[in-house]
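The values are calculated or read from the model by the stated rules, or taken from the named source; none is laboratory data. Please read these numbers as outputs of a predicted model, since none were measured by experiment. Methodologically, a virtual Cβ is constructed for each residue, glycine included, from the backbone with ideal geometry; neighbour enumeration extends over all protein chains shown. Just the protein is used for accessible areas: all its heavy atoms, side chains included, with ligands, DNA and RNA removed. Shrake-Rupley method; radii C 1.70, N 1.55, O 1.52, S 1.80 Å.
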Amino acid sequence: MLDNNIGYIQIVSFSEDTANEFKWSLQWFKKIKVWRHFVLDLRNNPGGLLTTCVEIAKKLVPKGEIVSIVDKQGNKETYSSSLEAPEYPLVVLINKNSASASEILSGAIQDTKTGTIIGNTSYGKGSVQTILPMFEDDAVKLTIAKYYTPSGRSIDGTGITPDIEINLDENATSDTQLDKALEVLKAQLNNN
């Protein structure tokens, strides 16, 4: 919990347990009934399981597409949310080390205008890859499909450009990106 009853959740990777841990965090915030907004910190998150990312997105992104996967033949697989409406105003923090699943989640939040993305342009890892074993210890990694945000943007090679670009000032006594997130959320609180 941060100033002005703003919640803070950091996801460092999308592992098997992350979706349940995220749901537990949301339930805890609801139970204490003091938070009204929250910051989701995806900085330095290299990604992880797509299924975990989708489960978390279903708690944040309104009804509709979360992400689509299009293979080289043009076949499309879509993951969607059935959430009627987002429950809380949200700011998402990303940086150049936010990749893959963290970009899928932040892209879905940005495209659906569910929250404000703050930080630096993300890594740009939006491809689905498979590894084919060869001889002994050799293998070939093949890109077999690409991820697309709800608006049809490809993440691969471009990343997610934040709504508010702000660098992390290494010499500052506080986290300049988090400070900006709090400023944005406090302004929203004052306008409600």
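Just to be sure, is LYS180 open to solvent by 10 Å² or more (accessible area, probe 1.4 Å), in contact (Cβ under 8 Å) with a residue 24 or more places away in the chain, among the charged types (D, E, K, R) and not in a strand (DSSP E or B)?
yes
Before we move on, is ASN190 among the polar types (S, T, N, Q), surrounded by fewer than 19 Cβ atoms within 10 Å (Cβ to Cβ) and assigned to a loop (DSSP other than H, G, I, E, B)?
Judged against the criteria, ASN190 is not a match.
Strands (runs of 3 or more DSSP E) wholly in the range 55-155 with at least 1 residues that are more than 30 Å from ASP175 (Cα to Cα) and open to solvent by 60 Å² or more (accessible area, probe 1.4 Å) - which ones?
Passing ranges, in order: 76-81, 127-133, 139-148.
Can you tell me which residue in the range 156-174 is least open to solvent (accessible area, probe 1.4 Å), limited to those that are among the β-branched types (Val, Ile, Thr) and within 18 Å of the chain's Cα centre (by Cα)?
Out of the qualifying residues, it is ILE160.
Results for (1) aliphatic (A, V, I, L, M); (2) modelled with pLDDT of 90 or more, shown as yes or no for each residue.
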| position | (1), (2) |
| --- | --- |
| ASN4 | no, no |
| ILE9 | yes, yes |
| VAL12 | yes, yes |
| ASP17 | no, yes |
| GLU21 | no, yes |
| LYS33 | no, no |
| ARG36 | no, no |
| ASN44 | no, yes |
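Suppose we keep only residues that are of a type in the set (Val, Ile, Thr) and outside any helix (DSSP H, G or I) within the range 22-52. Which one would you say is farthest from LEU168 (Cα to Cα)?
So the residue we want is VAL34.
So in the range 97-129, with the set limited to residues that are small (Gly, Ala, Ser) and farther than 15 Å from PHE14 by Cβ, which one is farthest from the chain's Cα centre (by Cα)?
First, the residues of the range 97-129 that are small (Gly, Ala, Ser): 98-102, 106-108, 115, 119, 122, 124, 126-127.
Next, from what is left, pick out any that are farther than 15 Å from PHE14 by Cβ: 115, 119, 124, 127.
Values: GLY115: 10, GLY119: 12, GLY124: 13, SER127: 16 Å.
Once the filter is applied, the top-ranked residue is SER127.
Only one of (1) at pLDDT 95 or above; (2) β-branched (Val, Ile, Thr); (3) over 27 Å from LEU189 (Cβ atoms) is not met by ILE166, so which one is it?
Here ILE166 meets the rest and fails (3).
Do we have ASP3 as within 20 Å of ALA187 (Cβ to Cβ) and open to solvent by 60 Å² or more (accessible area, probe 1.4 Å) here?
Judged against the criteria, ASP3 is a match.
(1) more than 21 Å from LEU182 (Cβ to Cβ); (2) in contact (Cβ under 8 Å) with a residue 60 or more places away in the chain; (3) basic (Lys, Arg): which one isn't true of ARG43, the others all being true?
Here ARG43 clears every test but (1).
Of the conditions (1) open to solvent by 70 Å² or more (accessible area, probe 1.4 Å); (2) farther than 20 Å from GLN110 by Cα, TRP35 clears all except one; give me its number.
TRP35 satisfies every listed condition except (1).
Determine the pairs where a residue that is under 22 Å from TYR148 (Cβ atoms) and small (Gly, Ala, Ser), located within the range 73-94, has a partner that is modelled with pLDDT of 95 or more and not in a loop (DSSP other than H, G, I, E, B) with Cβ atoms under 7 Å apart, the partner being 6 or more residues away or on another chain.
Listed by first residue and then by second, the contacts come to SER80/GLY64; SER80/GLU65; SER80/ILE66; SER81/ALA57; SER81/PRO62; SER81/GLY64; SER81/ILE66.
What number of residues within the range 116-146 are among the hydroxyl-bearing types (Ser, Thr, Tyr) and within 19 Å of ASN95 (Cβ to Cβ)? Before the answer, list the steps.
Looking only at the range 116-146, we keep the residues that are among the hydroxyl-bearing types (Ser, Thr, Tyr), and these are 116, 121-123, 127, 130, 143.
Going one step further and asking which of them are within 19 Å of ASN95 (Cβ to Cβ), we end up with 116, 121-123.
The qualifying residues number 4.
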